[in-house]
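Undergrad: The structure that follows is given in the form of structure tokens.
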Amino acid sequence: MTAGQVVGDWRGALFVWKVIGCEEGAVFAVSRRWDRRVQERCVVRGPRRNSHEDMDWTQLDVHPHIISAVIKANIKSAKDLLIFSIGDLQQVTQLSITDIYDLQKAASAALQKHSALTALQLYTEKSRFPAQHQKLSLGCGVLNNLLRGGLPLVGITELAGESSAGKTQIALQLCLTVQYPETYGGLGAGAVYICTEDAFPNKRLLQLIKSQHRLRTDVAADVVRKIRFGDHVFIEHAADIDMLTECITKKLPILLLRGQVRLIIIDSIAALFRCEFAAKDAVVKAKHLQTIGAKLHQLSRDFTTPVFCINQVTDAMKEENSVLSHIGLEDKKMLPALGISWSNQLLMRLMVARTQREAPPPFIGCIVRTMEVIFAPHIPQATCYYTIDLEGVKGIEVQGM
């Protein structure tokens, strides 16, 4: 498909599509509807016929009188059939709306023949679908093993836990890990760090940057030296929900479109909602959470960018015969804040906790912390141990416990 404009009718609404590129069966176009610009990406997998080619209408699984009408109207290709409006096709073919829908459906099926993929193909054919298997490393082998490689590139991951459990330390380490090349578990881009509570821990970030050559011994020293870590962490402070919404809807898309960032961190998602909404405002609060969650999902999906949200915890209230809205948390004394409205927005939920035990050698003087997978679609519930020192977050092997 070449650049140009195609005018079409979809469910009665006029769209103007400006085709801007075609790559390996994926058509990229920008549409304009009522002066609103929306970016769409339509991906068709597997072998495809060229829509410009003349189609053998007799091969379509439709009634013979429909085929006869199309041939009589001198419609040669599927392109002509699919881009014209229903009204135009009715006028030239004298067919009913139902017949035209059946004809377009059959033509689309012919163009996309054998395009369906199984889950087994996506799982086993890693070379064909690298995005399905690529993850963002946490910069620690033990944590990566727990998460089967790291954070998924599409979706919202939540990290919940009490104060001093190490949530911000993990987030800061992700800000640096994302800047490494893909061969070392990064994405070769920066991160946006949105603070809603305290000031950004700039001193600690500088401390971690200086220690990268010691923490990331798996990365060649010259690679670490070439990365200017401090230049690719974009910091934003949001004092209320309106500022957070503006940041997500207006500022983040600009950075993502420029390719400057591939990670969004919010620290923390609960702080603003706990301050601005009382218990009686539950419905309004849920609507705001759903709106923010939907926008974060859209950005993550459109730009293949992980979203990492830190959350606070609250005391668990035990109720008999209550609905189990927090999967995997039935026996917990603490629950992530914001309730089921926010839980439904998440792809993966992790919980961290600080224990009273000292870490084994060589982590002398450090405290053991735990990370637990509460729910995720691709990994089972599991737990690992880690600690935090001057260099960053480090996993503790089970045999060392």
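Undergrad: Might you report the magnitude of the Cβ-based charge dipole of segment 74-226 about its Cα centre, with Lys and Arg at +1 and Asp and Glu at -1, to the nearest 20 debye?
TA: Details: 16 positive and 12 negative charges, 149 e Å.
Dipole magnitude for segment 74-226 comes out near 720 debye.
Undergrad: Still on this structure, please answer the following. Compare the peptides 354-366, 261-273 by average per-residue count of other Cβ atoms within 10 angstrom and give them in order, highest first. All intermediate terms of the calculation are to be shown ahead of the outcome.
TA: On the way: 354-366: 12.6, 261-273: 24.0.
Most protected by this proxy first, the peptides run 261-273, 354-366.
Undergrad: I would also like to ask the following. Let me check something: with ligands and nucleic acids excluded, how do T177, T168, T291, T183 order by accessible area (1.4 Å probe), largest to smallest?
TA: On the way: T177 5, T168 45, T291 90, T183 120 Å².
Final ranking, largest accessible area leading: T183, T291, T168, T177.
Undergrad: Around S343, under 12 Å between beta carbons, what's the net of Lys plus Arg minus Asp minus Glu among the other residues? Mind dumping the intermediate values first?
TA: On the way: positive: R349; negative: E158.
After counting each charged neighbour, the total is 0.
Undergrad: Now for a different question. What net charge do the residues around F277 carry, taking every other residue with its C-beta under 12 Å from that of F277, with Lys and Arg at +1 and Asp and Glu at -1?
TA: On the way: positive: R274, K280, K285, K287; negative: D240, E276, D281.
Combined, the nearby Lys, Arg, Asp and Glu give +1.
Undergrad: For M243, M371, what's the largest-to-smallest order of accessible area, 1.4 Å probe? Display every interim value, and only then the final one.
TA: Values: M243 80, M371 0 Å².
Solvent-accessible surface, decreasing: M243, M371.
Undergrad: Let me ask you something else. Hey, which of these cross-link pairs are over 26 Å Cα-Cα: K135/K167; K167/K226; K295/K333?
TA: Numbers: K135/K167 19 Å; K167/K226 28 Å; K295/K333 31 Å.
The pairs that break the limit, which is 26 Å between Cα atoms, are K167/K226; K295/K333.
The values are calculated or read from the model by the stated rules, or taken from the named source; none is laboratory data. Everything numeric in this text was worked out from a predicted model, so none of it was measured. Counting neighbours? That spans all protein chains shown, and the Cβs are built from the backbone with ideal geometry, glycine included. Note: areas computed on protein heavy atoms with side chains; ligands, DNA, RNA excluded. Shrake-Rupley method; radii C 1.70, N 1.55, O 1.52, S 1.80 Å.
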